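Quick note: the coordinates plus some simple rules give every number you see, no bench work behind them. As the structure is a computational prediction, the values presented were derived from the model and not from experiment. We place every Cβ from the backbone using ideal geometry, glycine too, and count neighbours over all the protein chains shown.
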There are 2 protein chains.
Amino acid sequence: MNGEEARRFDAVQVHEQIVAVLRAWGMPDGSAAATATVMVETDLAGIDSHGVSMLMLYEKLRSENRLRLDAVPRVVRDAPAFAVVDAGAGLGHPAGLHAVELAIGKAAESGIGAVAVGNSHHLGALGYYVRSAAQHGLVALMATTTRTPVVAALGGTTPILGTNPIAFAAPRVGGGELVVDMSTSVVAMNKVKAYALSGRDLPPGWVNDRLGNPVTDAALAYSLLTTQEGTLSPLGGSTAETGGHKGFGLSLMVQVLSAAFSGAALPLADGDSDNLGHFVLVVDPRSVAADGDTARYVDDLVRLMTRDEPDVVLPGEPEALARADRSHNGIPIPEGLLEHLRGICGRAGTAMILTPLG
Amino acid sequence: MNGEEARRFDAVQVHEQIVAVLRAWGMPDGSAAATATVMVETDLAGIDSHGVSMLMLYEKLRSENRLRLDAVPRVVRDAPAFAVVDAGAGLGHPAGLHAVELAIGKAAESGIGAVAVGNSHHLGALGYYVRSAAQHGLVALMATTTRTPVVAALGGTTPILGTNPIAFAAPRVGGGELVVDMSTSVVAMNKVKAYALSGRDLPPGWVNDRLGNPVTDAALAYSLLTTQEGTLSPLGGSTAETGGHKGFGLSLMVQVLSAAFSGAALPLADGDSDNLGHFVLVVDPRSVAADGDTARYVDDLVRLMTRDEPDVVLPGEPEALARADRSHNGIPIPEGLLEHLRGICGRAGTAMILTPLG
């Protein structure tokens, strides 16, 4: 997509490399291993924007003293089926994993369980978390606030909300999972970048300048977004006529679920840490249905969608295809990113161990 | 919107009229009053498609022996924070209200509570239910399957999923509520109808014929949708390029949450009753946060959205404006609908009591 040649690297080695960097930065061993697993699984799923490449942002946040790598997430409020976790200004991955585990335990007791996380940072792609719950036969929904304001309120011209993603997963018969993982913006920032790199114009309605005028030059649009001089439309586009009020509504829903219970930041807040909030809900179908009934329903539903419809792409399918390819052939890392990783290893005082496959 | 002159009727009288019809159809008094309240509140909120006009569909379903007006919803599976309700093939309103009440009780005990409803029918607009929970200081999320297949799987050409709406509400300081209530299709069926009535062309990507070709003639598009000869795109449009995979994913999420726990119907199922499924989740913020903290967060969030942005329309705002108008000036009922209501009253053997205001 970005035109760079990218050599492939074995997932186990990428994991080892990430662990080495995180430990050098002071992250406890268990958290480092778990965080590296989320990041590598995200790269394996083809979501390059949220995998090992994120080390660049994490290094920057750490150097600005905004990110505490040694944080240990802890439960600060606890109800039978709901809890609040304080991530201690650490990375979101250990807190997110802790939240999913807690919610699973509560769902086993109560039928459902939810956890809100506050005082957190970036936690990678949500797909990994909800899929891991679905792999245990559970249904999971997750949401998170994000750090960069890019989406305007519908009718507004100020970038204020993040891309505020939501994810959902449910088990299927035979071990597969239905996985939905999506930003509530019209497209992800990466898609604007991809249009810019391939020299294509954006459809009007994706990106507007601060006067509310559409920007179709993709390179200009991307630059406006990264400098907060433009806005990315919510899912549905920039007007209510095309459904933009729905994406805006979803974004507000994500913001409230993720942040309002845990004291996480409002949009545009200017605190010491990003103070992101996450929300996870786990439903244990076995609490109310015969074992396997829900997975069978999901399986039948998915079959219905693809019956006589060869062109249907199910949510999560592109990621499953990438996973099959990359587990076998390795994770592609472009030379530019490798160069950044060399610098990160050097500054962290740990060896760069990545060597290309083949 | 539909060009018909519409005289106004007092909400109390509309309520009385609906109760009379529902009782004549055999609905128990309490359920009839509660159902009428949901329907009238929906008309007051300006959602004419889901209020008193629905009596036409309910009469049809009843005459086909698909709808049991005397059904009493009952809990069939019960876990501490989760339950399944069987609506007994009755109208969705009593079952939906029962589910919200149950979920509120569970949330008071456990922090959160959820209820899945099966064997149900149309329950009106979701906004009423989630708003009523938010009026008690609670955060609520709700979803439902719908009866008419109109949305295709992304990349497919068969109408298979309903408009599968989702709704969310959260309390604000001082008694207002943030309310999101949206179908997961690109637009509601009503918007296509409104375009047809005003003679405007649809944007390409909203409605496709069974070969996958865009249909922009709104009258033709509406007719294709009602005969299952066309498909309505999911939110985001008919391609993944514009985000259609997100709307498709949301629609599947709604389908699973609403139907997979309660044994409600798969899409295209051909049973005796519609066998719709609903899902409601209630979060009690007081279980994990100081009283008022969540409402204050929501209030601050809403203020941020509108700060220096005169053109921003918040989700739920058009409904609040309609409510203010109609509570004072009455509910507009076009002559065509009045004529239908006269027929319904006649066939039910109850008096038509509606008399226009002023």
Chain B: C-alpha gyration tensor shape, a/c 1.5 cut-off, then a/b vs b/c
rounded
Name the most mobile residue of B:T184, B:T226, B:T306, meaning the one with the largest mean-square fluctuation, in a Gaussian network model of chain B with Cα contacts below 10 Å.
B:T306
With chain B rotated onto chain A, spot the residue of B whose Cβ lies nearest the axis and note the distance in whole Å.
B:A81, 2
Residue-count net charge about B:D299 - beta-carbon cut-off 15 Å; Lys, Arg +1, Asp, Glu -1
-1
In whole Å, what are the extents of the protein assembly as shown along the principal axes defined by its C-alpha atoms, from largest to smallest?
86, 51, 51
One-quarter of the Cα convex hull surface for segment B:202-355, in nm²?
16.3 nm²
The answer for the net charge of residues other than B:G137 whose Cβ lies under 12 angstrom from its Cβ, with Lys and Arg +1 and Asp and Glu -1, is -1
Scattering profile of segment A:1-112 from the Debye formula, Cα beads only, expressed as log10 I(q)/I(0) at q = 0.21, 0.22, 0.23 Å⁻¹, is -1.13, -1.18, -1.24
Distances in nm, one decimal, shortest first, from B:D70 to the same residue in every other copy, taking the label point 7 angstrom along Cα→Cβ.
7.3
Computed over the Cα atoms of segment B:204-243, the Rg and Dmax in Å are 9.6, 28
Ordered by number, the trypsin sites (Lys or Arg not before Pro) in segment B:190-293 that occupy a DSSP loop and have at most 12 other Cβ atoms within 10 Å are B:R200
Heads up, segment B:120-186 by the C-alpha gyration tensor (a ≥ b ≥ c square roots of eigenvalues; a/c under 1.5 rounded, else a/b over b/c prolate, else oblate) looks prolate
Cα→Cβ-extended label distance, 7 Å offset, between B:S49 and B:E101, nm
3.0 nm
Which of A:L337, A:L281, A:L67 fluctuates most in a GNM of chain A (C-alpha springs under 10 Å)? That residue is A:L337
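Scanning chain A for GluC sites (Glu not before Pro) in DSSP loops with at most 10 other Cβ atoms within 10 Å, what's the longest stretch left with none? Write down the numbers at each step before the final one.
Numbers: sites that count: A:E5, A:E64.
Result for the longest clean stretch: A:65-358.
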How far is A:V173 from itself in the other copies, in nm, if each label sits 7 Å out from Cα along the Cα-Cβ line, shortest first?
5.4
Roughly what would the spin-label model give for A:Q228 and A:L268, points 7 Å off Cα along C-beta, in nm?
0.9 nm
When each of A:K60/A:K191; A:K193/B:K246; B:K106/B:K246; B:K193/B:K246; A:K191/A:K246 is checked by Cα-Cα distance, pairs over 22 Å:
A:K60/A:K191; B:K106/B:K246; B:K193/B:K246
Inter-copy label distances at B:E101 (7 Å, Cα→Cβ; nm, one decimal)
4.1
Compute the distance from the alpha-carbon center of segment B:1-72 to that of segment B:279-319, in whole Å.
30 Å
Per DSSP helix of 4 or more residues, -39500 (n - 2.57); summed, then divided by the residues of chain A. What does that give at 222 nm, rounded to the nearest 500?
-12500 deg cm²/dmol
For B:V192, B:V72, A:V179, which order do you get if you count the other beta carbons within 10 Å of each Cβ and list the fewest first?
B:V72, A:V179, B:V192
How charged is the neighbourhood of B:V179? Take every other residue with its Cβ under 15 Å from the Cβ of B:V179, and add Lys/Arg as +1 and Asp/Glu as -1.
-2
Arrange the following residues from fewest to most other Cβ atoms within 10 Å of their Cβ: A:S287, B:S223, B:S120.
B:S223, A:S287, B:S120
Given springs between every Cα pair under 10 Å in a Gaussian network model of chain B, which of B:V14, B:V130, B:V173 has the largest fluctuation?
B:V173
Once you have a ≥ b ≥ c as the square roots of the Cα gyration tensor eigenvalues for segment A:72-191, tell me rounded if a/c is under 1.5, and otherwise prolate or oblate according to whether a/b is larger than b/c.
oblate
